[in-house]
Amino acid sequence: MTNVPIKSTPSAAAAVQISDHDELSINTIRTLTMDAVQKANSGHPGTPMAMAPVAYTLWQEFLRYDPADPLWPNRDRFVLSAGHASLLLYTLLLLSGTKRLKHGDATGEPAVSLDDIKKFRQIDSVTPAIPNTASPPASRPPPVRSARAAATASAWRSPRAGLLRITTRSA
């Protein structure tokens, strides 16, 4: 466990307990972000790295979604309109295990794979710099005039689905 000081007011401070699992999850988001930007030789990882703890907490503690049923009508939506943070969205979709949609049905394939992350910002990639109609359905913005004004993702949670439960395999 790590204690992270949080200042709610200039005169008051509290400590938030972050488990080893939470810290590993947040650092995994940051690492994937750094690696993808480096491989693309384009972009900036600052926003996704800085927002990783916030996004992780939202997806882990507050959003209701089911990664196996991306069209669940009662799902919460994760609104992210900052194009510079699109890699954060792609990483969350990967780590949450959200399933890809094809012809309106969830498939067994992930909405975003590790290979998709490796192709970040490449021509014909499903992980462009800013989500668009070529992006995974879970990250497509709704049709509006301004892409900047659009929400760019949906997230889902059910009581049976834990988010970002990172497992490791020993070699």
Give the stretch 40-58 a look and list any residue that's under 24 Å from Arg121 (Cα atoms) and surrounded by 15 or more Cβ atoms within 10 Å (Cβ to Cβ), or say none.
Ala40, Gly43, Pro45, Thr47, Pro48, Met49, Met51, Ala52, Pro53, Ala55, Tyr56
Does the stretch 76-100 hold any residues that are outside any helix (DSSP H, G or I) and either of a type in the set (Asp, Glu) or modelled with pLDDT under 85 (or both), and which are they?
Asp76, Arg77, Phe78, Val79, Leu80, Ser81, Ala82
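Go through the stretch 59-95 residue by residue and tally those that are under 15 Å from Arg121 (Cα atoms) and hydrophobic (A, V, I, L, M, F, W, C). Even if it seems obvious, please write down each step before you answer.
Of the stretch 59-95, the ones under 15 Å from Arg121 (Cα atoms) are 83-91.
Now drop any that are not hydrophobic (A, V, I, L, M, F, W, C), which leaves 85, 87-89.
Residues meeting the conditions: 4.
Given the condition β-branched (Val, Ile, Thr), within 21 Å of Thr47 (Cα to Cα), surrounded by fewer than 19 Cβ atoms within 10 Å (Cβ to Cβ) and in contact (Cβ under 8 Å) with a residue 40 or more places away in the chain, answer yes or no: does some residue in the stretch 73-82 qualify? Can you show your working first?
Step one: filter the stretch 73-82 for residues β-branched (Val, Ile, Thr), giving 79.
Of the ones still in play, those that are also within 21 Å of Thr47 (Cα to Cα) are 79.
Still in the list and also surrounded by fewer than 19 Cβ atoms within 10 Å (Cβ to Cβ): 79.
From the residues that got through so far, the ones that are in contact (Cβ under 8 Å) with a residue 40 or more places away in the chain too are 79.
There is at least one residue in the stretch 73-82 that is β-branched (Val, Ile, Thr), within 21 Å of Thr47 (Cα to Cα), surrounded by fewer than 19 Cβ atoms within 10 Å (Cβ to Cβ) and in contact (Cβ under 8 Å) with a residue 40 or more places away in the chain.
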Subset tally (residues that are within 20 Å of Leu87 (Cβ to Cβ) and either of a type outside the set (D, E, K, R) or under 15 Å from the mean Cα position of the chain (by Cα) (or both)) for the stretch 101-115
5
Asp105 fails exactly one of (1) buried (at least 21 other Cβ atoms within 10 Å of the Cβ); (2) at pLDDT below 90, namely (1)
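The values are calculated or read from the model by the stated rules, or taken from the named source; none is laboratory data. What you see is a predicted model; the values in this text were computed from it and never measured. Cβ: placed from backbone, ideal geometry, glycine included. Neighbour counts: every protein chain shown.
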